[in-house]
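> Take this structure, written in structure tokens, and hold onto it; I'll ask about it next.
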Amino acid sequence: MPRFHYFRDALFLTACMAYGINRCFIKPHSLPGFMMFHFNDLWLIPCALPPVLWLHHRLGLRTQDGPPQPLEIAGHLVFWSLLFEWIIPKLTHASGDPADVAAYALGAIIAGMWWNRHRWLAAIRIGLNTPLTPSR
């Protein structure tokens, strides 16, 4: 299993850059729509999970040093979705948005596929090397 690079992970760095560019340069000049309301939500898991997992690793709560596992991704997706779209809106005058949760989930799926690409690429390679017809 490849080592996860946390703050040096390519997806983390790309996601943080995309978030910052949209937040500072695109969103202030865009019309209401995807770029204003949901683009940055796609980057929640790719931006936030690596630092959290790094902290978990430093505190000994994460024993392996590989890419985020599906249960780690899903657990944080559920936690942050509940926090940002249900708990915080109950405590403030904000409103929760199910479309935000959908954007978080899409970002989590894409991130999970990227971080675990070694697994599914290996499965594809094995599948390509398997004959389509049974050998006699």
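The values are calculated or read from the model by the stated rules, or taken from the named source; none is laboratory data. Because the structure is predicted, anything quoted here is derived from the model rather than measured. Positions of Cβ are generated from backbone atoms using ideal geometry, with glycine treated the same way; all protein chains shown enter the neighbour counts. Keep in mind that these areas ignore ligands, DNA and RNA; they rest on the heavy atoms of the full protein, side chains included. Shrake-Rupley method; radii C 1.70, N 1.55, O 1.52, S 1.80 Å.
> Which number in (1) of a type outside the set (S, T, Y); (2) over 30 Å from P2 (Cα atoms); (3) more than 17 Å from the chain's Cα centre (by Cα) marks the one condition that L83 misses?
In the conditions (1) of a type outside the set (S, T, Y); (2) over 30 Å from P2 (Cα atoms); (3) more than 17 Å from the chain's Cα centre (by Cα), L83 misses (3) alone.
> While we're here: Report the residue count in the stretch 85-123 for those that are open to solvent by 40 Å² or more (accessible area, probe 1.4 Å) and modelled with pLDDT under 85.
Total satisfying the criteria: 3.
> Under 6 Å between Cβ atoms, which residue pairs at least 6 apart in sequence (or on different chains) link something in the stretch 35-50 that is in contact (Cβ under 8 Å) with a residue 24 or more places away in the chain with a partner that is among the hydroxyl-bearing types (S, T, Y)?
Sorted first by the residue in the stretch 35-50, then by its partner, the pairs are D41/Y104; W43/Y19; L44/Y104; C47/Y19; P50/Y6.
> Moving on to the next point. Can you find, within the stretch 124-136, the residue that is farthest from A74 (Cα to Cα) among those that are open to solvent by 50 Å² or more (accessible area, probe 1.4 Å) and either assigned to a helix (DSSP H, G or I) or modelled with pLDDT of 95 or more (or both)?
Only one residue fits best here, namely N129.
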